Each structure stands twice: as C-alpha cells, then as structure tokens.
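Colleague: So that we are looking at the same thing, I have put the structure below in structure tokens.
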Amino acid sequence: MQQQQKVAALSYSFPEEVLEHVFSFIDSTKDRGSISLVCKSWYEIERWCRRRVFVGNCYAITPAMVIKRFPKVRSITLKGKPHFADFNLVPEGWGGYVCPWIKAMAVAFPCLEEIKLKRMVISDDCLDLIAKSFKNFKVLVLISCEGFTTDGLASIAANCRNLRELDLRESEVEDICGHWLSHFPDSYTSLVSLNISCLANEVNFPALERLVSRCPNMHTLRLNRAAPLDKLANLLRGAPQLVELGTGAYTSEMRPEVFTNLAAAFSGCKQMKGLSGFWDVLPSYLPAVYPVCSRLTSLNLSYATIQSPDLIKLVGQCQSLQRLWVLDYIEDAGLDMLAASCKDLRELRVFPSDPFGLEANVALTEQGLVSVSEGCPKLHSVLYFCRQMTNAALNTIARNRPNMTRFRLCIIEPRTPDYLTLQSLDSGFGAIVEHCKDLQRLSLSGLLTDRVFEHIGTYAKKLEMLSVAFAGDSDLGLHHVLSGCDNLRKLEIRDCPFGDKALLANAAKLETMRSLWMSSCSVSYGACKLLGQKLPRLNVEVIDERGPPNLRPDSNPVEKLYIYRTISGPRLDMPGYVWTMEDDSAYLE
Amino acid sequence: MATMGHGLNLKETELCLGLPGGGGGGGGGGSEVETPRASGKRGFSETVDLKLNLQTKEDLNEKSASKEKTLLKDPAKPPAKAQVVGWPPVRSYRKNMMAQKVNNTEDTEKTTSNTTAAAFVKVSMDGAPYLRKVDLTMYKTYKDLSDALAKMFSSFTTGNYGAQGMIDFMNESKLMDLLNSSEYVPTYEDKDGDWMLVGDVPWEMFVGSCKRLRIMKGSEAIGLGMHLSIYLASIFWNY
C-alpha cells in the first residue's frame, strides 16, 4: 500500500509539461503504448501528445475511436487489404476504403500533416478533400493503393502549399492526363520527395524539369517508365543534390552525345546513394552511372532485363551496397561476385525473370544464396526465388547468418523436395528457425510436412509474420504454429490441408494476432460460424464466390477465410461475396 | 492463317453450352483446364457460351469436391501444370511491369521471352454493385472465361440468364433475338476503344486486345451499335 502511494506521489509530482516533454522523445508506437499503460495520468498525458498513429488494419478500429483517444494527431498510417491481395487472391471490391477516415479526420485533425496508406482504396474526391482540408499537409504516401486518377493528383498539386512528399509507390492510377504536374504553382518550392514510377503515361516533362529545378531540397525522385532517357541528363543537372533517383526506361537510340551528357550529369551527383528504375536497359548505357556506383547503398535492378556479365560489371563497382534488388539474371556467378565485393550488404532480393516457365532459364541455384550468406556478414533480409534447394544449403545459410531477421524463400514449383536427397525441406527450414533466433518474418516453400511446423513452433519465438503455401499434412501443423509462436501477428496460408481442429483449439490465440488468412484450405463453414460466435472481438469473414455459404452444408469448406481482431465490430462495407460470422448465429436471409 | 485441316463444319462453329462430360476447371486455381476439344483446334470452333449459366448445386458440389481432392493429393506428386492463381507470389504490379515491353531499337537482348504476361482486365456487370478483375491469361478458352464469370457474378444473379439454349452465330435472326432480349451478354472494349461481343475473334487475339469486360443486357449491346454482320462474316474466315 505504501509502495503504491509512493509511486502515485512521484507521478503527481511531475508537472504534465515535463512528462509531455519526456514523452516527446519517444516515437515508436510500441513504446507509446507501453507508456500509456503505466497509470491513468500517464495514459491521459500520452494520448494528448501522441502525434503519430499507426493502424495496421483499418477495420480493427473506427476513425471515431482513434480521434477520441488521440485528439492531436499529425500523422496517420493505415493498412487495408490483406497481404495476399498483392497476388490477386483477394477479389476486387473487397474493401479497404479510406474515405470514412479522411472525412472524419478532415473535421477532427485540421493540423494533419501526413497520410500514409498501404493497400487501400482512395478516390479522387478523397484526394480533393485532403488537399482542401489540411492546411499544413506535407506527406502523402500511397503504397499499392488504387481507385484514383491523375485528376486527384492535380488537386493535391494545386492546393497543398507545404507538400514535401508525394509517393505513389506501386499504386494503380488511372492516368488521364500528364498535365496534373503543372498544377504545382510556380511559387511552390518545398518538394523533397516525388515517386511517380507507377504512372503509365508520360508526364509533362518541361513542367517536371521546372518543378525539380526550383525545389532546392529535392532528395528523392523516381520517374516512370515513360520518362525518356535522353532528357534525364538535363533533369539531373537541375537537381545535382538528389540522393535517390529512379530512372525511366533506360534505353534510347544509341547516340554518343546522349551518353556523354548522361555520364557527365551523373558525375555531378555527389550525394547520390540510391538508384532504381532501369526498365528496358540498353547495356551500353550502363557505364553512364559508374561515377556514382562507389557511393551507392541501394540499387534496385529488379526490372532490368540484362544478363549476368553486365550485371556483374555494374554491381562489382558498388562496394558500399547495402541493399540490392535484382532479377535472377544475376545467376550464381553474379552472387559470388556480390559476396566477394559487397561486404556491407544487408538486404538481397532476387526476383524471377520467368516465373511461369516450366524450366530454369538462368543458372541461379541455391548456391548463389549460400555464397552471399557466407560472404556478407551483415546480411539479414532475404527474398529469393529459385527452382531448387537442399536441406544442406539451408543449414549452411542458417549457420552462416544467425542474424537473419527476414527470410523469404520461394521455390517456384510447389512441393519441390530437396533435389539431392528427395526428402522434404523440413530440416533445412528447421535449421533456419533454430539458428536465427531473431527471425521476424518467414516465408516457406518446397516440400514440407507437419514437422517443419513443429520446428517453427519450437524455435521461432520472435516470429511475427509467417507465409505458408502448399505445405503440411494435417491440422497438427497449424496447431504447432498457433500454439508455439508467441509473437505471431500475421499468418497467411494457402492450399494447405488445415481444417477446423487446430483453429478451434487455438481460438484464443487469434485474438492476440493482427490477422489470419486461409485460402484453399479445409476450414468448414460450421467452424467459421463457431469462431464468430465465440469470439466477439474477432471479425471472421468468409470470402466465397460460390454464393452464400449457408446454402451449403456446414461441413463444406469455405474458399477463403480472413480473421482479424477488432474493437469496432463487423464492418459494413463488405461486397456480396464476403460474409461476417456474427455473434447472433446464422443468417436470417 | 493456315487451316487446321478441318473444313468449316457447321457442328464446329455451333456454340455449345457446357463441356462434354461436365467438370472443367474454369475460374482461378482450377487444375483441370483441358477440354476434350482443345487438341490443336483454334478459333470459332472453340466453345463460346454467351449465356452465363448459373451452375446447379450439384455441379458446384462436384467442383468443390474435386478441388479438395487436388489439395489432399499425395504431396510428392506435383499439381497439374495449369497456372495457379497467385503462384509463384509475384506481385500483380511486377507482373504487369515485366509484361509491357518497349521497342528496343538497338541490341537484341535476351529479354524475358517466356514470361507469361498477366492480362488483368476489369469486369463489370450491369446492375452489380462491384467490379471484378480477372487475369485473362488464366484461361485457355472462352468457355473457361465464361464459367469463371458466371461463378463470379452468381451471387448477384437475378435469374435473368434464361434457359433459351445455345447461341447460334450462324442464325442471324436468333442472334438478333438474343440481343433484343434482357439476356446478359458479355462484351469487351478492345484496344481501339470499340465495344465488341465476346467471342468474335480467336481466343488469343481476344486476350491480346481486350482492355475491359462488361456484361450487359443484350438489348443494350444492340444499342452500342455492334455490327453483327462483321461477326457473321468473320465466322467464315479460314485459318
């Protein structure tokens, strides 16, 4: 009793302003959450001074609830559709509409400065509302979003006098008119970061050049494919301070002056650290970027369809590289070179050049990844598409890189075994989770039995996100994961023989996770109903394009299932092929 | 185009309803995409079902049962070679980017010749509240596409699919009747911005030129001024 009084006295003895000042140094959402749990007064103080809110699932909470708790928010991040929407597993019209959020925030947060969205649907009207409601609006990031056109962008350009960042990364934009860029007034000079790489058509290039040259703080510029290479030199000359550049199509008629101009322009970019773009590369133009190579820390060649020798020549010059995204044209030989030259490498992503081909078109095997794991001591994040793998290789990689935090392996053909022993890859992935104790994200592939899930449940204690496809034998597999992975937040599963038992036995676990996705598995409609009834703080959504699930027997498996925790009840904007399993038992239709 | 070795045969150009023997994958993710008639024939002899049939419950159960069997197969045996939806997990954005090719004037480079470009098009149905998107490269025939569309919009069916039987392109008056009715027909916008009836060109050509699909009432299709005579004439193309 005395102890509690002491603590209370201490916390009352600090004036709020002091606490607020202390809290202002704490930015991470997690830490802020911890602060708010200390006591009621800290909760109150914290909520009034929280400036950044991260909502990992836009349906987990309503705008009104966020506004009520955090009245002075300046930056909001929202995520919508499930990750598997990237691979076309989520039908159109599923949801993720940001409009209700914008409408509510337009009233409640006049000082809002940043909106960052991922996999959400945003309309031109919404963009217009943003442009006109937030006088100090600075940052708009739309990652893999859709639903808007260049008209919406024109409104942002015209109205947001303090805009610093406009990033449309991988969004689907209906490109009506390239002149939207001209809507930035001549007096506007505050642009720092512009990413228009997803736009299909050419933007008004003179307008772009003028914009770039009058914004002295331009730091990041990512052009789209339609941006012509022969105009790049001029653009760069207007912004030699650029740190990150995304080129357009890296090809042009072979003219010597274009090349020399380009090389000279790149020589002038003394701060350049990151390059991307490189669609349609003409290898003879690559040496133009050599002047910046030694300083590059980030290189995205994942659209560059150039062969191994050219890749080796280029990457070999980039000894400071920390992040490399590349196509599998790099082959094992290129990865050997990478391992030898780029000792600072932290992240490697190797994408497939021919994902649907039946046979390997490049000499890229498990060996390349093994080399890099040996040669690059700081490597901790891997995404690797290949066609063959062995347990031995995975074992070696695991032992080489216990610092691995993100490991996503995609062996292209489902259920591919260890090609040397013809066994499953259970022990290889087992080695990964056993040795890499800080592993946060894991994607599995190849031939896998329930055993791999046993290993994961036993060792992967820090795992937060797991992606599974064409794996496992029975519910036991799913049970191992749900019961063993203490920090699991996101689980996505497709085409696995997991049914009702593991889900129902671990129902409570689902409330500790952000979301669970299961498609083409064996979860019955009956089980979904049961989960929906028993766990009111979960939304259990059945996605089934065959029509209402209650027209089929309860034992019938659902096509797709998306379960997420929420404090806002079932959502109201579902399309016709999504059913929420309600508390109030079955459908009355 | 060279003929396929078959004379123009009335039976072949007749547009039939289901596949002989039933079943057939359709939609995404199905593994039984082969049709008995797929052996080397192309063009109009392929089945074009312009009437979107709502499948009976029995058909649906059969399909979902066979799908489960695919899932629980002996794991050592790899699934059939037809493309599985969303696998390998290459983002649609990336697939589309890799698919577009700009004309490369100079060096011949070994570019991605084998990449099967995704061809995502939006599908709308008049009266349905939401759009769908399909990847046309997932299907091999008009029949597959038609089945998939029927499944996709079946939850919105109003029973206006009728049971008039097959559409006969050969019979102009019957075709006119269909197009004057309130039956739904699938149409598409091609690269030139023209709206056409689905089924008028060979499948591959269709995939290459279709920009979006719209399922509308036959009577509206007439209203858009579709030129039937062209279709009828084109049936007599020889390959």
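The values are calculated or read from the model by the stated rules, or taken from the named source; none is laboratory data. As the structure is a computational prediction, the values presented were derived from the model and not from experiment. Glycine also receives a Cβ, built like all others from the backbone with ideal geometry; neighbour counts cover every protein chain displayed.
Colleague: Is it the case that some residue within the stretch A:519-529 is within 22 Å of the chain's Cα centre (by Cα) and more than 17 Å from A:T449 (Cα to Cα)?
Modeller: There is at least one residue in the stretch A:519-529 that is within 22 Å of the chain's Cα centre (by Cα) and more than 17 Å from A:T449 (Cα to Cα).
Colleague: I've got another one for you. For the stretch A:307-336, enumerate the residues that are over 18 Å from A:Q388 (Cα atoms), in contact with a Ser or Thr (Cβ under 9 Å, 6 or more places away or on another chain) and not polar (S, T, N, Q).
Modeller: If the condition is that a residue be over 18 Å from A:Q388 (Cα atoms), in contact with a Ser or Thr (Cβ under 9 Å, 6 or more places away or on another chain) and not polar (S, T, N, Q), then A:V315, A:G316, A:C318, A:L321, A:R323, A:L324, A:W325, A:V326 are the ones that fit.
Colleague: While we're on this one: Could you list all residues from the stretch A:216-243 that are of a type outside the set (A, V, I, L, M), more than 25 Å from the chain's Cα centre (by Cα) and assigned to a loop (DSSP other than H, G, I, E, B)?
Modeller: If the condition is that a residue be of a type outside the set (A, V, I, L, M), more than 25 Å from the chain's Cα centre (by Cα) and assigned to a loop (DSSP other than H, G, I, E, B), then A:P216, A:N217, A:P228, A:G238, A:P240, A:Q241 are the ones that fit.
Colleague: Hey, another quick one. Only one of A:S568, A:S519, A:S515 is polar (S, T, N, Q) and within 14 Å of another protein chain (Cβ to nearest Cβ); which?
Modeller: A:S519
Colleague: Failed condition for A:G357, given (1) more than 10 Å from chain B (Cβ to nearest Cβ); (2) surrounded by fewer than 20 Cβ atoms within 10 Å (Cβ to Cβ); (3) under 30 Å from A:P414 (Cβ atoms), with all others met?
Modeller: Status for A:G357: all satisfied but (1).
Colleague: Looking at A:H479, A:H435 in this structure, which one is more than 14 Å from every other protein chain (Cβ to nearest Cβ) and either of a type in the set (F, W, Y) or more than 14 Å from A:I493 (Cα to Cα) (or both)?
Modeller: Just one listed residue meets the conditions, A:H435.
Colleague: Among A:V258, A:V292, which is the only one that is away from every other protein chain (no Cβ under 13 Å) and β-branched (V, I, T)?
Modeller: A:V292
Colleague: In this structure, is A:M574 closer than 23 Å to A:G93 by Cα, at pLDDT below 95 and within 25 Å of the chain's Cα centre (by Cα)?
Modeller: Considered against the rule, which asks whether it is closer than 23 Å to A:G93 by Cα, at pLDDT below 95 and within 25 Å of the chain's Cα centre (by Cα), A:M574 comes out as yes.
Colleague: Sticking with this one: Pick from the stretch A:528-546 the residues that are over 20 Å from A:K501 (Cβ atoms) and touching a residue at least 24 places away in the same chain (Cβ under 8 Å): which of them is nearest to the other protein chains (Cβ to nearest Cβ)?
Modeller: Looking at the filtered set, the residue picked out is A:E545.
Colleague: Here's another thing I want to ask about it. Only residues that are part of a loop (DSSP other than H, G, I, E, B), within 11 Å of chain B (Cβ to nearest Cβ) and touching a strand residue (DSSP E or B) at 6+ places or on another chain (Cβ under 9 Å): list them for the stretch A:404-430, please.
Modeller: Matches in the stretch A:404-430: A:I412, A:P414.
Colleague: Closer than 30 Å to A:G268 by Cα, more than 12 Å from chain B (Cβ to nearest Cβ) and aliphatic (A, V, I, L, M), is that true of A:V372?
Modeller: Answer is no for this residue.
Colleague: Let me spell it out: the conditions are (1) buried (at least 22 other Cβ atoms within 10 Å of the Cβ); (2) within 14 Å of chain B (Cβ to nearest Cβ); (3) under 28 Å from A:V121 (Cβ atoms); (4) not basic (K, R), and A:L229 meets all of them except one. Which number is the exception?
Modeller: Answer for A:L229: the failing condition is (3).
Colleague: Answer yes if at least one residue in the stretch A:351-360 is closer than 20 Å to A:I432 by Cβ and modelled with pLDDT of 95 or more, and no otherwise.
Modeller: no
Colleague: Could you check how many residues of the stretch A:60-102 are among the basic types (K, R) and within 14 Å of another protein chain (Cβ to nearest Cβ)?
Modeller: The number of residues fulfilling the criteria is 1.
Colleague: Restricting attention to the stretch A:282-290, does a residue exist that is buried (at least 22 other Cβ atoms within 10 Å of the Cβ), closer than 30 Å to A:Q367 by Cβ, at pLDDT below 95 and over 25 Å from the mean Cα position of the chain (by Cα)?
Modeller: no
Colleague: Taking the stretch A:131-179, which residues are among the hydrophobic types (A, V, I, L, M, F, W, C), modelled with pLDDT under 95 and crowded, with 18+ Cβ neighbours inside 10 Å?
Modeller: A:V173
Colleague: OK, next. Provide a single number: the residues in the stretch A:259-287 that are in a loop (DSSP other than H, G, I, E, B) and free of Cβ contacts under 8 Å to residues at least 40 places away in the same chain.
Modeller: 9
Colleague: Right, something else. Looking at the stretch B:158-165, can you tell me whether even one residue there is within 14 Å of another protein chain (Cβ to nearest Cβ) and either surrounded by fewer than 16 Cβ atoms within 10 Å (Cβ to Cβ) or at pLDDT 80 or above (or both)?
Modeller: Looking for residues that are within 14 Å of another protein chain (Cβ to nearest Cβ) and either surrounded by fewer than 16 Cβ atoms within 10 Å (Cβ to Cβ) or at pLDDT 80 or above (or both), one finds at least one in the stretch B:158-165, hence yes.
Colleague: Follow-up question, since we're still on this one. State whether the residues of the stretch A:78-92 include one that is of a type in the set (A, V, I, L, M, F, W, C), at pLDDT 95 or above, farther than 23 Å from A:T580 by Cβ and buried (at least 18 other Cβ atoms within 10 Å of the Cβ).
Modeller: Scanning the stretch A:78-92, I find no residue that is of a type in the set (A, V, I, L, M, F, W, C), at pLDDT 95 or above, farther than 23 Å from A:T580 by Cβ and buried (at least 18 other Cβ atoms within 10 Å of the Cβ), so the answer is no.
Colleague: Does at least one position in the stretch A:339-362 carry a residue that is over 30 Å from A:S424 (Cβ atoms) and not in a loop (DSSP other than H, G, I, E, B)?
Modeller: Checking the stretch A:339-362: at least one residue is over 30 Å from A:S424 (Cβ atoms) and not in a loop (DSSP other than H, G, I, E, B).
Rundown of residues vs (1) more than 22 Å from A:K81 (Cα to Cα); (2) modelled with pLDDT of 95 or more, yes/no style:
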{"site": "A:D500", "(1), (2)": "yes, yes"}
{"site": "A:L510", "(1), (2)": "no, yes"}
{"site": "A:W517", "(1), (2)": "no, yes"}
{"site": "A:S568", "(1), (2)": "no, no"}
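Colleague: What do you reckon, is A:A460 within 14 Å of another protein chain (Cβ to nearest Cβ) and within 24 Å of A:L439 (Cα to Cα)?
Modeller: no
Colleague: It is to be established whether one or more residues within the stretch A:237-255 are surrounded by fewer than 17 Cβ atoms within 10 Å (Cβ to Cβ), closer than 21 Å to A:A131 by Cβ and either of a type in the set (D, E, K, R) or touching a residue at least 24 places away in the same chain (Cβ under 8 Å) (or both).
Modeller: No, there is no match, as no residue in the stretch A:237-255 is surrounded by fewer than 17 Cβ atoms within 10 Å (Cβ to Cβ), closer than 21 Å to A:A131 by Cβ and either of a type in the set (D, E, K, R) or touching a residue at least 24 places away in the same chain (Cβ under 8 Å) (or both).
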